[in-house]
Amino acid sequence: MYAVNWSNKAKKQLRKIDRQEQGTIIDAVDELENFPNAKNVIALTKHEYGYRMRVGNYRVLFDADTEVRIIDIQQVKKRDDQTY
């Protein structure tokens, strides 16, 4: 199992989202504890962060340290032309 840590920036972005969407995003992020088997996750190439998870119209950008088994949630952004 992986430990999931939220950056201050990601927490701030999450607080600005509608409450119902917040719950959906938090539930999806909880699935990252089983990281290699988590749904809607792809590795990013040529990007600041290593992975992204799709949750409806939102994207959760994160890094994963497989040796220490830690997931660091870096950003939660609404999907648009400038998300990636």
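Can you pull the percent of the chain's accessible area that's carbon plus sulfur, 1.4 Å probe, other chains left in place?
Values: 2330 of 5660 Å².
That fraction is 41 percent.
In whole Hz and in residue order, list the ³J(HN,Hα) couplings for the range 71-77 that follow from phi through the Karplus curve 6.51 cos²θ - 1.76 cosθ + 1.60, θ = phi - 60°; x for Gly and Pro.
Residue by residue, the range 71-77 yields 10, 10, 6, 9, 8, 10, 10 Hz.
Please count, across the chain, the pairs of lysine residues with Cα atoms under 13 Å apart that sit 8 or more places apart or on different chains.
Numbers: K9/K77; K11/K77; K12/K77; K16/K77; K16/K78.
So the count works out to 5.
If you average the sequence gap of Cα pairs under 8 Å that are 6 or more apart and divide by the length of the chain, what percent do you get for the contact order?
Details: 124 pairs, mean separation 28.4, N = 84.
Answer for the chain is 34 percent.
Quick check on the chain: helices-only [θ] at 222 nm, where DSSP H runs of length 4 and up contribute -39,500 (n - 2.57) each and the sum goes over total residues. Nearest 500, please.
Numbers: 2 runs with 20 residues, N = 84.
That calculation yields -7000 deg cm²/dmol at 222 nm.
Efficiency by 1/(1 + (r/R0)^6): what FRET value for D65 and Q20, r their Cβ-Cβ distance, R0 = 30 Å, to the nearest 0.05? Let's see the in-between values first.
Details: r = 31 Å, r/R0 = 1.04.
Between D65 and Q20 the formula returns 0.45.
Roll a 1.4 Å probe over the protein chains and send me the accessible area per residue for the chain in Å². Each step should come with its number before you reach the end.
Values: 5660 Å² over 84 residues.
Here the residues of the chain average 67 Å² of exposed surface.
Hey, how many Å between the Cα centroid of the range 1-29 and the Cα centroid of the range 40-84?
Cα centres, the range 1-29 to the range 40-84: 12 Å.
Please get the size of the charge dipole for the chain, origin at its Cα centre, with Cβ charges of +1 on Lys and Arg and -1 on Asp and Glu, quoted in debye to the nearest 20. Can you show the working numbers first?
Working: 15 positive and 13 negative charges, 80 e Å.
Taking the Cα centre of the chain as origin, the dipole is about 380 debye.
The values are calculated or read from the model by the stated rules, or taken from the named source; none is laboratory data. On a predicted model such as this, the values are computed, not experimentally measured, just so you know. Cβ: placed from backbone, ideal geometry, glycine included. Neighbour counts: every protein chain shown. When the accessible area is computed, the model is the full protein with side chains, heavy atoms only, and any ligands, DNA or RNA have been set aside. Shrake-Rupley method; radii C 1.70, N 1.55, O 1.52, S 1.80 Å.
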